[in-house]
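Chemist: Can you keep this structure in mind? I'll have questions shortly.
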Amino acid sequence: MNKLISTTALIAISVIATTVGASARDQIQVSGSSTVLPYAKIVAESFGETFPKFKTPVVESGGSGAGIKEFCKGVGENTIDIANSSRPIKDSELKSCVDAGVKDVEEIRIGYDGIVFATDIKGQDWALEPKDIYTALAAQIVVDGKLVANPNTKWNQVNPKLPDWDIAAYIPGEKHGTREVFEEKLMTGGCKATGAADAIKASGLDEKAAAAACIAIRKDGKAIDIDGDYPETLARIDANKTGVGVFGLAFYENNADKLKVATVNGIKPSTETIASGKYPVSRPLFFYVKKAHLGVIPGLKEYVDFFLADQMVGPESPLVEYGLVAAPDAEREAQRAAFAAGKTMAGK
């Protein structure tokens with residue numbers, strides 16, 4: 001849900017007006033999530049065509065964390081206007097924003113996405129559960145009641161129903177929002193399901209250290225962090241036909257001729273199973289707007305309004321055609337109304 005940071009927009013607007021002056025930058029600048037990137041590019045290009053009086057926004061990637069860090073550097077023409085993100089902004093990030101003078105941050109939810117596991121199209125069918133992911137990729141697992149360094153080298157050691165393939169998983173790097181959803185939905189869940197969470201707590205670690213231990217990934221080359229975008233993961237699988245990659249649903253669907261997707265808890269990822277909540281590894285997608293830049297950077301408010309319109313994010317929109325899972329009608333309407341009223345504020 002959208003929440004409120006207590007501050008006064010007029011102060012922020014005064015700051016940016018002083019900083020920018022009459023020569024305000026005349027092109028919207030966006031950075032952040034690689035998952036949101038293709039959606040934002042579609043909207044930016046359509047916006048440029050629909051509103052020729054405004055320049056087409058510049059949209060760049062780099063990951064959710066990197067985009068929010070850039071966003072939180074301050075206000076003014078030398079800072080970006082929007083940060084795309086595939087997870088909610090953290091308390092610590094919000095504090096860094098406020099400390100740097102970005103005191104009003106508007107949170108916009110654009111729809112939903114699912115995280116999928118996929119292998120080469122010619123491989124066998126895969127059926128995964130969180131405990132399989134954890135047992136294959138965790139730094140430590142429980143063996144005979146004791147925590148030990150992960151000894152598994154093949155997927156069928158994790159689960160006899162899985163292939164006799166060497167474990168090679170290409171997972172999102174730590175700067176990607178996808179990594180956090182991966183850790184929360186799969187590693188933490190698998191840690192509990194296998195009993196490792198109880199064993200870790202019994203070892204004497206405090207709650208924070210125990211939670212970190214649950215999501216710790218093995219460092220022996222079986223799990224490979226991918227710091228680039230999804231095409232890099234696809235290239236890895238193309239080079240290693242028995243590799244397993246983590247992707248956003250949209251990227252998978254646009255490369256379904258090359259990839260075979262796994263079920264999770266028996267549910268195949270699709271727009272239908274994500275919209276219904278049946279698929280267990282799904283997430284909302286966001287972008288964050290610097291309120292102090294609204295009314296100062298030409299076209300910024302119009303861009304947000306355009307992005308929220310049903311012609312962009314509704315059930316028959318180009319974003320949904322590309323792979324976005326549309327939010328329910330009432331949620332989309334509430335988001336538009338909240339932004340129009342200046343109430344779509346991020347915060348805890």
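The values are calculated or read from the model by the stated rules, or taken from the named source; none is laboratory data. The shown structure was predicted, so the numbers you read here are calculated from the model rather than taken from an experiment. Backbone-built Cβ (ideal geometry, glycine too); neighbour counts: all protein chains shown. Surface areas here come from the heavy atoms of the whole protein model, side chains and all, with no ligands, DNA or RNA. Shrake-Rupley method; radii C 1.70, N 1.55, O 1.52, S 1.80 Å.
Chemist: Once you list every other residue whose beta carbon is under 13 Å from the beta carbon of Lys290, what net charge do they have if Lys and Arg are +1 and Asp and Glu are -1?
Modeler: -1
Chemist: May I pose another question? Compute log10 of I(q)/I(0) for segment 28-187 with the Debye formula, placing one identical point scatterer on every Cα and leaving out solvent, at q = 0.11, 0.17, 0.18 Å⁻¹, to two decimals.
Modeler: Evaluating at q = 0.11, 0.17, 0.18 Å⁻¹ gives log10 I(q)/I(0) of -0.61, -1.01, -1.08.
Chemist: In Å², what does the accessible area per residue of the chain work out to with a 1.4 Å probe?
Modeler: Value returned for the chain: 44 Å² of accessible area per residue.
Chemist: Continuing with the same structure: Among DSSP bridges having both ends in the chain, what percentage is antiparallel? Round to the nearest 5.
Modeler: So the antiparallel bridges in the chain amount to around 70 percent.
Chemist: Any chance you could look up the accessible area of Ile108 with a 1.4 Å probe, heavy atoms only, rounded to 10 Å²?
Modeler: Accessible surface of Ile108 is approximately 0 Å².
Chemist: Please give me the summed charge of the neighbours of Lys222: other residues whose Cβ is under 14 Å from its Cβ, Lys and Arg +1, Asp and Glu -1.
Modeler: Within the 14 Å Cβ shell, the charges total 0.
Chemist: Now for a different question. Taking the Cβ of Glu106 as the center, what net charge do the other residues with Cβ under 10 Å away carry, scoring Lys and Arg +1 and Asp and Glu -1?
Modeler: Every neighbour counted, the sum reads +1.
Chemist: Now for a different question. Per residue and in Å³, how big is the convex hull formed by the alpha-carbon atoms of segment 20-102?
Modeler: Normalising the Cα hull of segment 20-102 by residue number yields 80 Å³.
Chemist: Restricting to segment 108-242, what percent of DSSP beta bridges are antiparallel, rounded to 5?
Modeler: Given both bridge residues lie in segment 108-242, the antiparallel proportion sits at roughly 60 percent.
Chemist: With an 8 Å cut-off on Cα pairs and a minimum separation of 6 or more residues, tell me the relative contact order of the chain in percent.
Modeler: Value for the chain: 29 percent.
Chemist: If the limit is 31 Å between Cα atoms, which of Lys41/Lys192; Lys201/Lys241; Lys41/Lys103; Lys258/Lys290; Lys122/Lys192 go over it?
Modeler: Long pairs (Cα-Cα over 31 Å): Lys41/Lys192; Lys201/Lys241; Lys258/Lys290; Lys122/Lys192.
Chemist: A further question follows. Once phi is turned into ³J(HN,Hα) by the Karplus curve 6.51 cos²θ - 1.76 cosθ + 1.60 with θ = phi - 60°, what whole-Hz value does each residue of segment 82-87 show in order, with x for glycine and proline?
Modeler: 9, 10, 7, 8, 9, 7
Chemist: Further question: Given the rule -39500 (n - 2.57) for each run of at least 4 DSSP H residues, summed and divided by the residues of the chain, what is its mean residue ellipticity at 222 nm, to the nearest 500 deg cm²/dmol?
Modeler: One gets -10000 deg cm²/dmol as the mean residue ellipticity at 222 nm.
Chemist: What is the magnitude of the charge dipole of the chain about its Cα centre, with +1 placed on the Cβ of each Lys and Arg, -1 on the Cβ of each Asp and Glu, and no other charges, expressed in debye to the nearest 20?
Modeler: Using Cβ point charges on Lys, Arg, Asp and Glu, the chain gives about 640 debye.
Chemist: Lys/Arg Cβ at +1, Asp/Glu Cβ at -1, dipole of segment 154-225 taken about the Cα centre: which of Ala197, Ile217, Trp155 is farthest positive-ward?
Modeler: Trp155
Chemist: If R₀ is 25 angstrom, what is the calculated FRET efficiency for the pair Ala337 and Asn265, using the beta carbon separation as r and rounding to 0.05?
Modeler: Once the sixth-power term is evaluated, E becomes 0.10.
Chemist: Report the one residue of Pro52, Ile226, Val30 whose Cα lies farthest in the direction of the positive end of the charge dipole of the chain (charges on C-beta: Lys and Arg +1, Asp and Glu -1; origin at the Cα centre).
Modeler: The listed residue farthest towards the positive side: Ile226.
Chemist: Got a number for carbon plus sulfur as a percent of the chain's accessible area, 1.4 Å probe?
Modeler: 52 percent
Chemist: Counting other Cβ atoms within 10 Å, which GluC sites (Glu not before Pro) in segment 34-77 have at most 12 and lie in a DSSP loop?
Modeler: Answer by residue number: there is no such site.
Chemist: A further question on this structure: What does the convex hull of the Cα atoms come to per residue for the chain, in Å³?
Modeler: 134 Å³
Chemist: Next up: Could you work out how far the C-alpha centroid of segment 50-82 sits from that of segment 122-180, in angstrom?
Modeler: 37 Å
Chemist: Roughly how tilted is helix 37-50, in degrees to the nearest 10 and between 0 and 90, from the longest Cα axis of the chain?
Modeler: 30 degrees
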